[in-house]
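*Asks:* For reference, the structure I am asking about is given below.
Any read-out appearing in this document is the output of simple, stated calculations on the displayed coordinates, not a laboratory observation. In this text, all values refer to a predicted model and were calculated from it rather than measured experimentally. Here the Cβ is made from the backbone with ideal geometry for all residues, glycine too, and neighbour counts use every protein chain on show.
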Amino acid sequence: MEAEKKPILTVRDLVVKFRVRNKELTAIRSVSLDLYEGETLAIVGESGSGKSVLTKTFTGMLENNGRIPSGSIVFDGKELTSIKSDKEWEFIRGSQIATVFQDPMTSLNPLKKIGIQITEVLEKHQKMSFAQAKPIAIELMERVGIKDAGKRFNDYPFQYSGGMRQRIVIAIALACKPKILICDEPTTALDVTIQAQILDLIRALQKEDDFTTIYITHDLGVVANVADRVAVMYAGQILEYGTVREIFYDPRHPYTWALLSSLPTLAKKGQPLYAIPGTPPTLFNEIVGDAFAPRNRYALNIDFEEEPPFYQVSPTHFAKTWLLDEMAPHADPPEAIKMMWQRGAVHRDKATQDKAGATK
């Protein structure tokens with residue numbers, strides 16, 4: 001299926017380093033991935049795993065102490081790592097690849113009217129006059145669910161609720177009809193009801209405008225509801241990569257097992273919630289072997305000595321773990337993962353039955 005799609009963005013062997021207090025930190029360690037037109041990719045992992053840093057390289061928003069010493073990012077046929085100036089990035093950032101950040105109060109200028117903040121984007125990237133941009137801005141406000149948009153055009157951010165401010169941030173991001181929308185924890189600061197509304201809104205707008213979406217999140221509930229494919233990140237690397245069904249119902253990396261075992265919905269009554277032991281490694285030091293090995297009760301001796309390659313589980317599913325090597329001993333996964341496998345088997349059986357019924 002994916003072979004028929006065209007990658008809109010391709011990352012190969014990307015390395016990102018930061019200079020911090022006269023030391024060098026390697027935040028992204030040889031990451032490769034393909035992003036396909038019209039899909040929704042979720043990038044998940046603990047805080048500090050490199051999710052946001054990775055996507056910042058797509059829009060040239062690395063901090064001043066950050067650099068890309070090696071690797072490639074090709075978007076729509078253009079090599080992004082060769083762009084050096086902000087002026088060049090203006091043709092990509094906002095107009096081609098836009099970002100919705102997690103806190104709308106830091107994304108919006110509290111001293112500027114809401115409508116002005118939308119029209120500024122159109123004036124800058126689309127070279128419109130204010131008179132041309134205003135009706136489009138009002139239409140965008142209506143599309144993201146702002147009632148009486150014409151009247152609310154001149155309101156300030158403090159006059160909007162948190163959910164409404166996030167809708168405005170989405171409107172600003174979509175003003176130039178980008179090909180890729182990056183959603184960096186877009187619902188973290190919102191309550192559960194508003195979270196669902198914002199996710200439904202992004203999904204509806206994606207269907208209407210046919211853009212590609214990247215979600216950065218640690219909330220696996222969000223992933224299950226919105227994603228087509230999932231990339232699991234840890235210590236600056238992607239450890240597992242597959243469709244949302246494969247990651248949830250047939251996970252293969254022990255880190256993915258640990259993340260899924262932490263889901264409250266998989267906890268048993270009367271038992272404590274599962275927590276991943278230990279802490280992630282410092283990225284100031286060179287990592288030998290599998291970065292997750294010190295926290296992994298399934299770790300093999302080789303995990304502490306040599307970095308595992310990616311093993312192919314299916315045409316769409318890859319995992320970076322020695323447990324998939326043909327010489328590795330059998331590993332009995334946690335009970336929560338066995339439950340997920342059982343659910344996956346039920347889903348597969350039902351899909352097979354439905355397919356068989358459709359062909360009769």
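*Asks:* If packing is taken as the mean number of other Cβ atoms within 10 Å per residue, what is the order of 271-282, 20-31, 52-63, highest first?
*Replies:* Top to bottom by mean Cβ count within 10 Å: 52-63, 20-31, 271-282.
*Asks:* So what is the calculated 222 nm ellipticity per residue for the chain, using -39500 (n - 2.57) for each DSSP H run with n of 4 or more, over all residues, to the nearest 500 deg cm²/dmol?
*Replies:* After summing the helix terms and dividing by the residues of the chain, the value is -10000 deg cm²/dmol.
*Asks:* Which of the peptides 207-220, 248-261, 126-139, 175-188 is most tightly packed, and how do the rest follow, judged by the mean count of other Cβ atoms within 10 Å per residue?
*Replies:* Top to bottom by mean Cβ count within 10 Å: 248-261, 175-188, 207-220, 126-139.
*Asks:* Grab the eigenvalues of the alpha-carbon gyration tensor for the range 105-175, scale each by 5, take roots, and send me the semi-axes largest first in whole angstrom.
*Replies:* Over the Cα atoms of the range 105-175, the semi-axes work out to 17, 13, 11 Å.
*Asks:* Now for a separate question. Just to check I understand the Karplus step: with θ = phi - 60° and J = 6.51 cos²θ - 1.76 cosθ + 1.60, what whole-Hz values come out for the range 44-55, glycine and proline as x?
*Replies:* 10, x, 5, 4, x, 7, x, 4, 5, 4, 4, 6
*Asks:* Here's another thing I want to ask about it. Take PHE310, PHE292 and order them by how many other Cβ atoms sit within 10 Å, fewest up front.
*Replies:* Least to most surrounded, the residues fall as PHE310, PHE292.
*Asks:* Let me ask something else. What fraction of the DSSP beta bridges in the chain is antiparallel, stated in percent and rounded to the nearest 5?
*Replies:* For the chain, the DSSP antiparallel bridge percentage is about 60.
*Asks:* Amide H neighbours of VAL20 under 5 Å, counting only residues 5+ apart in sequence or on other chains, H built in-plane at 1.01 Å?
*Replies:* Those lying under 5 Å, H to H, from VAL20 are LEU25.
*Asks:* Quick one: Cα centre-to-centre distance for the range 1-75 and the range 267-311, in angstrom?
*Replies:* Between the Cα centre of the range 1-75 and that of the range 267-311, the gap is 22 Å.
*Asks:* Compute the semi-axes of the equivalent ellipsoid of the chain, taking the square root of 5 times each eigenvalue of the Cα gyration tensor, and list them largest first in whole Å.
*Replies:* 37, 25, 20
*Asks:* Here is a further query. Please report the spacing between the Cα centers of the range 185-256 and the range 98-158 in Å, no decimals.
*Replies:* When both Cα centres are located, 26 Å separates them.
*Asks:* Report, please, the projected area of the range 1-75 averaged over directions, based on the convex hull of its C-alpha atoms, in nm².
*Replies:* The orientation-averaged projected area of the Cα hull of the range 1-75 comes to 5.6 nm².
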